[in-house]
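Notes follow the structure.
The values are calculated or read from the model by the stated rules, or taken from the named source; none is laboratory data. What you see is a predicted model; the values in this text were computed from it and never measured. Positions of Cβ are generated from backbone atoms using ideal geometry, with glycine treated the same way; all protein chains shown enter the neighbour counts.
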Amino acid sequence: MSRILAFIGAVAVTTVLGSTVALAQPQGSGFYAATPVEAPAKTSIITRDTMWKFRDGAFTAAKAPERDMVLCQLVAQRVGKLSSFTAGGQALAADDLAKCNAKAN
């Protein structure tokens, strides 16, 4: 009987902790995140075949076939200068971000 209660307790704790972790993850987060310096005029944009949605201060998108720098430049062309660009959780280096922003309109 005590084994059954221990098992039920473990399942309950796992369920509660698992749902807490899921809630902590940002909604709609993608592989890429591009944070514009100024508020965007549109809440969604398309770069080539990649759809970007603006949520929580950044445009996010799923993984795309283009190189990270190319995507950064394409977003900057559409929304203006970016304060940051990340791909797979890795932020673009400051000098690369400056090159990206050189393409901004």
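A few remarks follow.
- Residues that are modelled with pLDDT of 95 or more and among the β-branched types (Val, Ile, Thr) number at least 2 in the following strands (runs of 3 or more DSSP E) confined to the range 33-87: 44-47.
- Within the range 88-105, the set of residues being in a loop (DSSP other than H, G, I, E, B) and among the charged types (D, E, K, R) comprises just one member, Lys103.
- Looking only at the range 47-76, residues that are farther than 12 Å from Ala34 by Cα and either of a type outside the set (A, V, I, L, M) or crowded, with 19+ Cβ neighbours inside 10 Å (or both) come to 9 in all.
- Residues of the range 35-51 satisfying the condition of being over 14 Å from Gly80 (Cα atoms) and in contact with a helix residue (DSSP H, G or I) (Cβ under 8 Å, 6 or more places away or on another chain): Arg48, Thr50
- Selection of the range 20-32 for residues being in a loop (DSSP other than H, G, I, E, B) and either farther than 18 Å from Lys63 by Cβ or modelled with pLDDT under 95 (or both) yields Gln25, Pro26, Gln27, Gly28, Ser29, Gly30.
- Selection within the range 58-86 - in contact with a strand residue (DSSP E or B) (Cβ under 8 Å, 6 or more places away or on another chain) and more than 15 Å from Leu97 (Cβ to Cβ): Thr60, Ala61, Ala62, Lys63, Ala64, Glu66, Arg78
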